[in-house]
Amino acid sequence: MNKVFMRKRTLKANKLVNRELSKIIQRMGFSRDTLVTLTRVRCSNDLSDAKVFISVMPEEKTGQVLKALKDKIYDTQQKLNDRLDLKIVPKISYVKEEKVKEAAEVEETLDNLEE
C-alpha cells in the first residue's frame, strides 16, 4: 500500500474512533462536577492500536477518571467493536492529555506579560 493511502486511512480511523468513543465515554456517567473530554486519538498505521488522549477537569480527578476508564476498558472495547464497521478495530489505551495543560500555562504566561 502506498503511504498516502495509509495516511488517509489512519486519519479516517482516528476520526471514527474519536467520534464513537466520545459517545461511549459520555454515557459512562461520571459525576456532574467532573468534565471528561476525549481530546484526540492516534491510531497506529496498521490500525492495531489506538492511543486515546483524555483531559479531565478538575485536574485533581484525572487519576480517578483514568482508573475508572481502564477498569471498564473491556466493555468499552466491545462497544467500540460493535459500532465500527472496520476489518480491524484498534485496541484502545488511555493516556492523560498533557497538551491542554501546556496550552493553559502558555496562555497564563502571555496574560502575565500583558499586565
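What follows is calculated from the coordinates using simple rules that are stated; it is not laboratory data. Since we're looking at a predicted model, the values are computed, not measured.
A few remarks follow.
- Translational D in µm²/s for the stretch 3-114 (Stokes-Einstein at 10 °C, 1.306 mPa s, Kirkwood Rh from C-alpha pairs): 105
- DSSP beta bridges in the stretch 1-103 [antiparallel fraction, %, rounded to 5]: 55
- Sorted largest first, the principal axis extents computed over the alpha-carbon atoms of the stretch 1-59 equal 47, 20, 15 Å.
- ³J(HN,Hα), Karplus 6.51/-1.76/1.60, whole Hz, each residue of the stretch 17-29, x for Gly, Pro: 5, 4, 4, 6, 5, 4, 5, 5, 5, 4, 7, 6, x
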